[in-house]
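Undergrad: Let me give you the structure first, and then I'll get to my questions.
The values are calculated or read from the model by the stated rules, or taken from the named source; none is laboratory data. Please read all numbers here as calculations on a predicted model, not as lab measurements. We place every Cβ from the backbone using ideal geometry, glycine too, and count neighbours over all the protein chains shown.
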Amino acid sequence: MSDPILRLARTPGIGPVHRSRLLARFPDPADLFAKSEDELAGIVGPGAARAILDPGIERAAEEETRRGSEAGFRLLIAGRPGYPDLLTWIPDPPLVLWVRGEILPADALAIGIVGTRRPSTYGRRQAERFARELGRIGVCVVSGLARGIDGTAHAAALDAGGRTIAVLGSGLLRIYPPEHRPLAARIARSGAVVSELPLTAPPLAHHFPRRNRILSGLSLGVLVVEARLRSGALATASLAADQGREVFAVPGRIDDPTCCGTNRLIQAGAKLVTDLRSLLGEYRDAWPIFRQLIEERGPDGGKEPALSPEALAVLRRLPEEPAPAEEALAAAGLPQKRMAEILVELEAAGAIEIDPAGRIVPRLHPGRPRVQSYLFPRPGDP
């Protein structure tokens with residue numbers, strides 16, 4: 001048996017307005033398919049009523065359910081447990097979402113990265129840089145599995161030990177482009193590959209605008225790395241803005257057509273970003289939400305640097321806020337010479353910084369993800 005919501009989602013001619021009307025009238029979707037054609041025609045019209053009761057649609061939904069189950073995919077349904085909360089806030093959330101892999105609650109801390117399918121060396125390097133740093137600190141990278149910037153971003157996030165979500169413009173059993181099948185398998189092991197389309201749906205042109213709204217909907221903001229003036233990446237940025245998401249752009253050369261779209265985005269008000277701090281700084285006002293996500297992630301949310309047991313013990317004793325070196329020395333209870341050696345070790349590992357005033361600034365505490373140091377600015381930070 002297929003889920004009645006999947007059957008409704010696969011019924012042709014039933015758009016978001018009709019779906020909302022039907023589900024408001026029939027809170028239990030199974031009741032919908034028990035009605036007569038005349039009863040349904042009074043709600044959605046005779047043509048749509050006939051399509052809803054078409055036994056061929058039911059058989060196709062049952063076959064799709066069987067194949068999805070055999071492949072180990074999971075079907076997420078709007079309004080039910082497991083459905084991504086961020087998608088519920090967009091104007092037209094997908095009614096169903098097939099998932100290969102797993103979407104975790106902490107994946108709501110996500111940034112989309114999109115761009116051209118034919119990036120320059122500079123564009124590819126910037127996509128790698130941002131995706132790697134986001135993955136390293138525990139932020140999920142969302143993209144579209146396309147050639148170029150998308151594939152680069154997915155791979156860089158995985159290489160950094162992070163999580164990533166790929167949103168397809170085809171079915172999960174029709175990975176596109178085909179050369180990214182190994183990448184999709186990697187993503188499914190450390191994130192998710194998702195699609196609202198039937199499992200064997202081909203990558204048709206009209207599927208991708210619909211794909212893009214899910215990509216931006218799963219993200220708190222979208223970073224455009226390189227894009228021409230007419231491109232899917234700019235369309236995704238426009239959708240993100242319509243959904244109330246932040247739009248970021250990496251500046252490029254003014255004489256390069258590949259960068260014209262990103263530069264135009266900046267002219268139109270997108271946030272120009274040059275590093276991770278300039279990107280994540282936009283979310284400082286929302287850090288209670290970030291703090292909750294980080295706490296839910298638990299001690300495995302970030303990687304501790306490789307430290308000696310003595311250095312790790314000192315790190316645990318350091319004050320959480322910036323403190324003079326003398327205070328840190330007193331807290332550690334070690335001789336000054338040995339403490340100086342340990343501070344060098346901690347600084348080299350990225351666990352602390354020494355600010356211009358000579359204060360010790362913790363950047364990582366054991367059991368806390370690195371993301372904290374980026375999302376929660378210290379007093380006096382710009």
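Undergrad: For the range 132-144, give me the residue count where each residue is without any contact (Cβ under 8 Å) to a residue 40 or more places away in the chain and among the aliphatic types (A, V, I, L, M).
TA: Here is the first cut: in the range 132-144, the ones without any contact (Cβ under 8 Å) to a residue 40 or more places away in the chain are 132, 135, 141.
Remaining after also requiring among the aliphatic types (A, V, I, L, M): 141.
Number of matching residues: 1.
Undergrad: Any chance the range 151-158 includes a residue that's closer than 20 Å to Arg213 by Cβ, crowded, with 24+ Cβ neighbours inside 10 Å and not basic (Lys, Arg)? So that I can check it myself, show each step before the final result.
TA: First pass over the range 151-158, keeping only residues closer than 20 Å to Arg213 by Cβ: 153-154.
So of that shortlist, the ones also crowded, with 24+ Cβ neighbours inside 10 Å come out as 153-154.
Okay, now just the ones that are also not basic (Lys, Arg), so 153-154.
Yes, the range 151-158 has at least one match.
Undergrad: Would you mind finding the one in Ser219, Ser190, Ser238 that is of a type in the set (S, T, N, Q) and buried (at least 22 other Cβ atoms within 10 Å of the Cβ)? I'd like the intermediate steps shown before the answer.
TA: Numbers: Ser190 fails: buried (at least 22 other Cβ atoms within 10 Å of the Cβ); Ser238 fails: buried (at least 22 other Cβ atoms within 10 Å of the Cβ).
Result: Ser219 is the single residue among Ser219, Ser190, Ser238 that is of a type in the set (S, T, N, Q) and buried (at least 22 other Cβ atoms within 10 Å of the Cβ).
Undergrad: Answer yes if at least one residue in the range 261-276 is under 16 Å from the mean Cα position of the chain (by Cα) and among the hydrophobic types (A, V, I, L, M, F, W, C), and no otherwise. Give the steps one after another, and end with the answer.
TA: First, pick out the residues of the range 261-276 that are under 16 Å from the mean Cα position of the chain (by Cα): 276.
Cutting the leftovers down to among the hydrophobic types (A, V, I, L, M, F, W, C) gives us 276.
Yes; the residues of the range 261-276 include at least one that is under 16 Å from the mean Cα position of the chain (by Cα) and among the hydrophobic types (A, V, I, L, M, F, W, C).
Undergrad: Given the structure, is Thr200 modelled with pLDDT of 95 or more, within 17 Å of Gly115 (Cα to Cα) and either surrounded by fewer than 24 Cβ atoms within 10 Å (Cβ to Cβ) or touching a helix residue (DSSP H, G or I) at 6+ places or on another chain (Cβ under 6 Å) (or both)? Walk me through it before giving the result.
TA: Values: modelled with pLDDT of 95 or more: yes; within 17 Å of Gly115 (Cα to Cα): no; either surrounded by fewer than 24 Cβ atoms within 10 Å (Cβ to Cβ) or touching a helix residue (DSSP H, G or I) at 6+ places or on another chain (Cβ under 6 Å) (or both): yes.
In short, no.
Undergrad: What about Ser170, is it polar (S, T, N, Q), within 24 Å of Ser238 (Cα to Cα) and within 15 Å of the chain's Cα centre (by Cα)? Write out each step before concluding.
TA: Details: polar (S, T, N, Q): yes; within 24 Å of Ser238 (Cα to Cα): yes; within 15 Å of the chain's Cα centre (by Cα): no.
When the stated conditions are applied, Ser170 does not pass them.
Undergrad: If only one of Thr88, Thr152, Thr116 is within 20 Å of Val222 (Cβ to Cβ) and not assigned by TED's automatic domain parsing to the domain that holds Gly217, which one is it? Working first, answer last.
TA: Values: Thr152 fails: not assigned by TED's automatic domain parsing to the domain that holds Gly217; Thr116 fails: not assigned by TED's automatic domain parsing to the domain that holds Gly217.
Matching residue, one of Thr88, Thr152, Thr116: Thr88.
Undergrad: As an exercise: evaluate Thr274 against (1) in a helix (DSSP H, G or I); (2) at pLDDT 70 or above; (3) in the same structural domain as Phe248 (by TED's automatic domain parsing) and give the number of the one condition it does not meet.
TA: Among (1) in a helix (DSSP H, G or I); (2) at pLDDT 70 or above; (3) in the same structural domain as Phe248 (by TED's automatic domain parsing), Thr274 violates only (1).
Undergrad: For the range 326-347, give me the residue count where each residue is modelled with pLDDT under 70 and either farther than 16 Å from Pro309 by Cβ or in contact with a Cys (Cβ under 6 Å, 6 or more places away or on another chain) (or both).
TA: Keep residues of the range 326-347 that are modelled with pLDDT under 70, which gives 328-329, 331-332.
From what's left, either farther than 16 Å from Pro309 by Cβ or in contact with a Cys (Cβ under 6 Å, 6 or more places away or on another chain) (or both): 328-329, 331.
Here the count works out to 3.
Undergrad: Out of (1) surrounded by 12 or more Cβ atoms within 10 Å (Cβ to Cβ); (2) under 29 Å from Leu239 (Cα atoms); (3) touching a helix residue (DSSP H, G or I) at 6+ places or on another chain (Cβ under 7 Å), the odd one out for Leu53 is which?
TA: (2)
Undergrad: Here is a further query. Looking only at the range 15-53, which residues are at pLDDT below 85 and not in a helix (DSSP H, G or I)?
TA: Scanning the range 15-53 gives Gly15, Pro27.
Undergrad: Here's a follow-up. Return the residue satisfying two criteria in turn: it lies in the range 131-165 and is among the small types (Gly, Ala, Ser) and touching a Pro at 6+ places or on another chain (Cβ under 6 Å), and of such residues it is farthest from Gly101 (Cα to Cα). Quick ask: steps written out before the conclusion?
TA: If we filter the range 131-165 for residues that are among the small types (Gly, Ala, Ser), which is where we start, we get 131, 135, 138, 143-144, 146, 148, 151, 153, 155-157, 160-162.
Applying the additional criterion that residues be touching a Pro at 6+ places or on another chain (Cβ under 6 Å) yields 138, 148.
Details: Gly138: 18, Gly148: 23 Å.
Step by step, filter the range 131-165, then rank; the result is Gly148.
Undergrad: Just checking, which of Arg19, Arg25, Arg7 is over 29 Å from Arg67 (Cβ atoms) and surrounded by 13 or more Cβ atoms within 10 Å (Cβ to Cβ)?
TA: Result: Arg25 is the single residue among Arg19, Arg25, Arg7 that is over 29 Å from Arg67 (Cβ atoms) and surrounded by 13 or more Cβ atoms within 10 Å (Cβ to Cβ).
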